[in-house]
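The values are calculated or read from the model by the stated rules, or taken from the named source; none is laboratory data. What you are looking at is a predicted structure, and each value in this text was computed from that prediction instead of being measured. Cβ sites come from the backbone with ideal geometry, for glycine too, and all protein chains shown count toward neighbours. Remember, those area values only see protein heavy atoms, side chains included, never the ligands or the DNA or RNA. Shrake-Rupley method; radii C 1.70, N 1.55, O 1.52, S 1.80 Å.
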Amino acid sequence: MTRYLLRRLPSAALVLFLASVLIFLLMRLVPGDPATTLAGPDATPQTIEAIRHQLGLDRSIPAQYLSWLGGLATFDLGRSYVLGGQISDLVAQGLTNTLVLTAAALLLAVVVSLILGVASVVRPNRWLNAVIAAANTVAVALPTFVTGVLLALLFAVVIPVLPAGGVPPDGFVARPDIAVQYLLLPAICLALPVGAALTRFLTEALRTELGKPYVLTARSQGISQWQIVTRGALRNALPSMLTALGIQTGHLLGGAVLVEAIFAWPGIGQLIEQGINRRDYPVVQVLLLLSVAVFVLLQLLTDIVHAWLDPRIRIGGRS
């Protein structure tokens, strides 16, 4: 397993390096000047130039990039131009909220997909499969912002049983019962398309496994369908589901941007939106690179778990 991991690390490092170059250059192509924004509409050219010098924007692009890369290597993310404060503090606060939201959504998606996927093959029923397929289609087809608005309208306005947005005023640990109420609507909204996709992947993988010879042998020995699925087919279907889970987790993080905007959830997505609107380049480029790093890490973890479940991958070095 160690050798397999070492073979994966160089490609992950290369992706992060290329992403850092691309993000840094794209930020410089965005219209607008941060110095002008900070100085205000009535500032003189001398004031704007002084701010540019203070921010280091008067240096060459390679010098700015190397300085930024050196700060990342020493965990010195710098200060925010417009939002104020250390970028590390802003990221830490936003990342905590985003991780709580995505973890809750991922847990819901995995649990629902396991229940529906196993139920559809343990006791095959035409009506049940039709209902599951229709629900999956609706969950995937509806945009996240439509689902979020409908959930907030239904459960916060028409039937006011849950808060429409925000985070728990006392944090997530002090009052877990209150925290769940604030977390439920955005987590469901974020989990719906991911859960639908995982259900489809798992159901198809289980049906493929149930057509293999070892299942026919187990049936001939009188083993129940439940035992065949839970003790054999499900384990063999997990590698393909884990691959889909790694991809869907990336989509989950991307969807968190919209969900946080709908439910006023102060996470990374809301921070990126504020940074882009106010042309706060240091904040945006750090957050974008962080998003890429999280996605690369998730893919790496997915490959490791996949290789652990299927020894042929780590022996042969194939993905």
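Structural remarks
- Close pairs (6 angstrom Cβ cut-off, 6 or more residues apart or separate chains): farther than 16 Å from G78 by Cα in the range 271-299, among the small types (G, A, S) anywhere: V292/A19; F295/G250; V296/A12; L298/G246; Q299/G246
- Residue list for the range 135-163, restricted to those being crowded, with 17+ Cβ neighbours inside 10 Å and of a type in the set (S, T, Y): T144, T147
- Note on the range 70-95: residues that are part of a loop (DSSP other than H, G, I, E, B), exposed (fewer than 13 other Cβ atoms within 10 Å of the Cβ) and either within 22 Å of the chain's Cα centre (by Cα) or polar (S, T, N, Q) (or both) amount to 1.
- Close pairs from the range 163-177: first within 18 Å of F263 (Cβ to Cβ), partner crowded, with 17+ Cβ neighbours inside 10 Å and of a type in the set (V, I, T), Cβ under 9 Å, at least 6 apart: G165/I262; V167/V100; F172/V100
- Enumeration of residues in the range 258-275 that are within 22 Å of Q54 (Cβ to Cβ) and open to solvent by 20 Å² or more (accessible area, probe 1.4 Å): Q274
- Looking across the range 205-241, just one residue is open to solvent by less than 90 Å² (accessible area, probe 1.4 Å) and among the aromatic types (F, W, Y), and that is Y214.
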